[in-house]
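Novice: The structure under discussion is supplied below as structure tokens; questions concerning it will follow.
The values are calculated or read from the model by the stated rules, or taken from the named source; none is laboratory data. Fair warning: this is a prediction, and the values are worked out from it, not measured in the lab. Neighbour counts are summed over all protein chains in view; Cβ atoms, including those assigned to glycine, are modelled from backbone coordinates with ideal geometry. To get the accessible areas, we keep the full protein, side chains included, count just its heavy atoms, and leave off ligands, DNA and RNA. Shrake-Rupley method; radii C 1.70, N 1.55, O 1.52, S 1.80 Å.
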Amino acid sequence: MRILLVEDDQALGEGIRTALKPEGYTVDWLQDGASALHALSHESFELVILDLGLPRMDGLQVLKQLRAAANPVPVLVLTARDATSDRIAGLDAGADDYLVKPFDVAELKARLRALLRRSFQRPQPALEYRGISLDPASQVVEYQGQSINLPRKEFLLLHELLIQPGRVLTRDKLQQALYGWDEDVESNALEVHVHHLRKKFFPELIRTVRGVGYLVDK
Ligand code: CA
């Protein structure tokens, strides 16, 4: 579960990241609005925690531009401002939830769980590919009618690949989808996951594009 945290307060950012790691979230952290908007338009996250008072573009602008680009990622807004007008502006701009600082980390976790539950309940069609069926909502994977139990990273990798058959996905992009920016990753981790997926399904499922990345044929 990859989360983008946008918070310019060093201590708070560190605190949130540390608190969320044991929950199994991959947390990527940025400290200004412009970088956040750039990351959001180039990469995919399951959820965004967005501070409103940020350098280089405030959080409200980030949110407005995100929604103007029809990006549906759930956004939890964090702010020190507890004025009703700010809260309304945040929600009007497309925030899904709102937390006023200072807050209890247990409450943050509960709100994130609720947002993720809601977002997975939105109908997402199952991906079907040559006998493989992957349901993003229930996270169930089947092959030729048999249910296949995949570890988390393999599930994420298969999902990334099946969502856009015919497109070469670079190693960088896949690694970020699986691990975030600063999780330490063995250099051959991706190859190992690909190897496992080929074994569990069929060898031609994933094609290696030498020096670039991987591809599932259309
Ligand atoms: Ca701030």
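Novice: In sequence order, what are the phi-derived ³J(HN,Hα) couplings for segment 190-205 according to the Karplus relation 6.51 cos²θ - 1.76 cosθ + 1.60 with θ = phi - 60°, rounded to whole Hz, with x for glycine and proline?
Specialist: Coupling constants for segment 190-205: 5, 4, 5, 5, 4, 4, 5, 5, 4, 6, 6, 10, 8, x, 7, 3 Hz.
Novice: Quick one: putting +1 on the C-beta of Lys and Arg, -1 on the C-beta of Asp and Glu, what dipole do you get for the chain around its Cα centre, in Debye to the nearest 20?
Specialist: Working: 27 positive and 31 negative charges, 165 e Å.
Here the size comes out at about 800 debye.
Novice: Measure nothing but the geometry: give the 0 to 90° angle between the long axis through the Cα atoms of 59-68 and the longest principal axis through the Cα atoms of the chain, rounded to 10°.
Specialist: Rounded to the nearest ten degrees, it is 50.
Novice: Can you pull the three principal axis extents for the Cα set of the chain, in Å, largest first?
Specialist: Principal axes ranked by extent give 57, 33, 32 Å for the Cα atoms.
Novice: With a 1.4 Å probe and all protein chains left in place, how much accessible area per residue does the chain have, in Å²?
Specialist: Details: 11010 Å² over 218 residues.
Accessible area per residue, the chain: 50 Å².
Novice: If packing is taken as the average number of other Cβ atoms within 10 Å across a peptide's residues, how do 40-53, 12-25 rank, most packed first?
Specialist: Working: 40-53: 19.9, 12-25: 14.8.
Most protected by this proxy first, the peptides run 40-53, 12-25.
Novice: If I take R0 = 22 Å and measure r between the Cβ atoms of ALA114 and ALA189 in this structure, what FRET efficiency does the formula 1/(1 + (r/R0)^6) give, to the nearest 0.05?
Specialist: Values: r = 31 Å, r/R0 = 1.43.
The computed FRET efficiency comes out at 0.10.
Novice: Using only Cα atoms, tell me the angle between helix 10-20 and the longest principal axis of the chain; keep it within 0 to 90° and round to the nearest 10.
Specialist: 40 degrees
Novice: Given a 1.4 angstrom probe, I'd like the percentage of the accessible area of segment 127-215 that is carbon and sulfur, rounded to a whole number. All intermediate terms of the calculation are to be shown ahead of the outcome.
Specialist: Details: 2350 of 4860 Å².
Here carbon and sulfur together make up 48 percent of the probe-accessible area.
Novice: Return the inverse of the average 1/r over all pairs of distinct C-alpha atoms in segment 132-204, which is the Kirkwood hydrodynamic radius, in Å to one decimal. Walk me through the numbers on the way to the answer.
Specialist: Numbers: mean 1/r = 0.0772 Å⁻¹.
Hydrodynamic radius (Kirkwood, Cα pairs) of segment 132-204 is 13.0 Å.
Novice: Tell me which residues come under 5 Å, amide H to amide H, from LEU5 once H is placed; ignore anything under 5 positions away on its chain.
Specialist: The list, which skips near neighbours in sequence, is ASP28, TRP29, LEU30, ILE49.
Novice: Using the structure shown, list the pairs from LYS173/LYS218; LYS21/LYS199; LYS64/LYS153; LYS64/LYS109; LYS21/LYS153; LYS21/LYS200 with a Cα-Cα distance above 21 Å, or answer none. Please report the intermediate quantities before stating the final value.
Specialist: Working: LYS173/LYS218 19 Å; LYS21/LYS199 30 Å; LYS64/LYS153 32 Å; LYS64/LYS109 25 Å; LYS21/LYS153 16 Å; LYS21/LYS200 29 Å.
Violating the 21 Å Cα-Cα cut-off are LYS21/LYS199; LYS64/LYS153; LYS64/LYS109; LYS21/LYS200.
Novice: How tilted is helix 33-42 with respect to the longest principal axis of the chain? Cα atoms for both, answer in degrees (0 to 90, nearest 10).
Specialist: That works out to roughly 20 degrees.
Novice: Expressed as a whole percentage, what fraction of the accessible surface of segment 29-116 belongs to carbon and sulfur atoms when a 1.4 Å probe is rolled over the protein heavy atoms?
Specialist: Details: 2100 of 3900 Å².
Looking at segment 29-116 in its full context, I get 54 percent from C and S.
Novice: Amide H to amide H, which residues 5 or more places from TRP181 or on other chains are under 5 Å from it, using H placed in the peptide plane?
Specialist: Answer set, sorted by chain and number: none.
Novice: Taking the Cα centre of segment 15-144 as origin and charging only Cβ (+1 Lys, Arg; -1 Asp, Glu), how large is the dipole, in debye to the nearest 20? Intermediate results must be reported in sequence, preceding the final value.
Specialist: Details: 15 positive and 17 negative charges, 16 e Å.
So the dipole magnitude of segment 15-144 works out to roughly 80 debye.
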